[in-house]
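If you scroll down you'll find the structure; I have some questions about it.
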Amino acid sequence: MKWIILKLIRFYQKYLSKYTPDCIYEPSCSNYCSLAINKYGVFKGLKKFRCRLNRCDMTHLHNYGMKDLP
């Protein structure tokens, strides 16, 4: 299951992310998700990613480059 989710993330990064706005965080949200899944496993990693995605607000671009690691 882990490799399927990581493949989906990689597909998103390669083909779909160019159509979305830039991420204000470093690493990007998709990189954060793959790091969290590798570090904590699928369920806890996706939970951490969901919390980060809830914090994402593209109207506050003055916070660009915020470091946030899993």
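The values are calculated or read from the model by the stated rules, or taken from the named source; none is laboratory data. Fair warning: this is a prediction, and the values are worked out from it, not measured in the lab. Note: areas computed on protein heavy atoms with side chains; ligands, DNA, RNA excluded. Shrake-Rupley method; radii C 1.70, N 1.55, O 1.52, S 1.80 Å.
Starting from the Cα of K47, draw a straight line to each of the lysines and keep only those under 20 Å, dropping any in the same chain fewer than 8 residues away.
Within the straight-line limit of under 20 Å, K47 reaches these lysines: K2, K7, K39, K67.
Can you send over the solvent-accessible area of Y15, 1.4 Å probe, protein chains only, in Å² to the nearest 10?
Taking all protein chains as shown, Y15 has close to 110 Å².
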